[in-house]
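A.B. asks: The following block contains the structure, expressed as structure tokens.
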């Protein structure tokens, strides 16, 4: 006979207890299964007005995407088949309406819907709840407090710092080119833009371009990779499974390193600001930067940002301020290498504006119209952020009468919209004149979305455009760019648009005599 087990005041046999546990577990499983079934039915009903690709009974459409450089081709292919929008399923219990037409994008981005919880959930432990993921009144408060940090008076002195950072990168490339080996751009450009954001926005001398093996740099690369990897790996969507996995351990280790670095930057600046609490006094000593404004910002009640909010915003802009711009610059250089006639036109324009100088000034930026058109055309074909996601807080009805209920997710495919054949003639052709004044005047307001649109557009877009102009100008002044046969980059849509196999170019130094005679 089994020994009795006391449960409260009632003695139960072990066999009876096991039976109770079995039925409780079965009940729990049935409840969870019924909730999932209800969720599935709601999703099917919500997206029923929209035709879309056939989905697998278990994987949905997830099995079609392999991270092999062809995923964006699949997105664009479906955009031709379903020209306004279509649902994509990740398994059976998550779906998002993929938007691929400017009119649909306008309907979504003109509202103030928050970022979707699913898509941005995995990055929140890293960047916290800053401007990228906040919503509602707190987002409005942060946006209002941070906007002065991107006024042109603040951006103006950044141009020289950007020039210094680009020069360091070009000096490195010059030491590499005698070997006649191709240079993989993205790694070098990413270090340069990180160096730039640290010097411009935080007045912090990181020396990361010369010390690319630093713990912080490795942490940033690890976090970027692991966030994307977790999103694509269905079992890792479960917090416990990811936490117990080797990838979860690696993520937490990188997280500690990144946050320690951020805390160090904030702590050092707070110490300096104790002596000069007013922005006017700070500006007399050095240029005013983003972190100064962040630390001194006060709302209408005299309240500043909490320590947690401060770190979230600093982490957000350390990530967004370098990775997206690195993508834009790298793909722009690739486009100019691929289309040498446009490269030469940009070089001629840059030579006339700089007039022999190796430094870009603030006033030069507005004198590069053709280079600016080339940058925009590059971002049309290769948008640094391939898409943005929203969770609908209210129902929405689109221009053709189809609608979605609140609570569902939509994904605005910037990549597909920027190549929409009903808007862009010969969309695969690189043609900078698409962005001439006469060609842009009658174009749909949401046909070109490199920085998103609406109230939640990128607050740092002027900073990014300035840095891209500086990088392109100084690079073309020193190097001719050539593609490497057999090493065409394969597109990889992660947090930003990267290349699966790198972006490799041959760089040919322009000698002084040739510069004089060009």
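A.B. asks: Taking each pair of different alpha-carbon atoms in the stretch 152-200 once, compute 1/r for the pair, average those values, and report the inverse of that mean as the Kirkwood hydrodynamic radius in Å to one decimal.
C.D. replies: Result for the stretch 152-200 stands at 11.7 Å.
A.B. asks: Please give the peptides 312-323, 143-154 ranked by average Cβ packing (other Cβ atoms within 10 Å per residue), highest first, as a rough proxy for protection. Kindly include the intermediate steps, with their values, before the conclusion.
C.D. replies: Working: 312-323: 24.2, 143-154: 15.5.
Answer by packing, highest mean first, reads 312-323, 143-154.
A.B. asks: Percent of Cα-Cα pairs more than 31 Å apart in the chain, please. If you can, show how the numbers build up before the last one.
C.D. replies: On the way: 68500 of 133903 pairs.
Tail of P(r) above 31 Å: 51 percent of Cα pairs.
A.B. asks: Quick check: the distance between the Cα centres of the stretch 223-259 and the stretch 316-387, to the nearest angstrom?
C.D. replies: 34
A.B. asks: Can you show me the helix-derived [θ] at 222 nm for the chain, built from DSSP H runs with n ≥ 4 at -39,500 (n - 2.57) apiece and divided by the number of residues, rounded to the nearest 500.
C.D. replies: Using -39500 (n - 2.57) per qualifying helix, the result is -16500 deg cm²/dmol.
A.B. asks: What number, in percent, do you get for the relative contact order of the chain if the mean sequence gap of Cα pairs under 8 Å and at least 6 apart is divided by its residue count? Intermediate values should be presented prior to the final figure.
C.D. replies: Working: 717 pairs, mean separation 118.6, N = 518.
Result for the chain is 23 percent.
A.B. asks: Send over the Kirkwood Rh of the stretch 365-518, from the inverse of the averaged 1/r over different Cα pairs, rounded to one decimal Å.
C.D. replies: Computed over the stretch 365-518, the radius equals 18.2 Å.
A.B. asks: Rounded to the nearest 5, what is the percent of antiparallel bridges among the DSSP beta bridges in the chain?
C.D. replies: 85
A.B. asks: Counting other beta carbons within 10 Å of each Cβ, put 126, 57, 331 in order, fewest first.
C.D. replies: 57, 126, 331
A.B. asks: How many angstrom separate the Cα center of the stretch 435-468 from the Cα center of the stretch 81-116?
C.D. replies: First find each Cα centre; the distance between them is then 20 Å.
Only the coordinates and a few stated rules stand behind these numbers; no lab work does. Since we're looking at a predicted model, the values are computed, not measured. Positions of Cβ are generated from backbone atoms using ideal geometry, with glycine treated the same way; all protein chains shown enter the neighbour counts.
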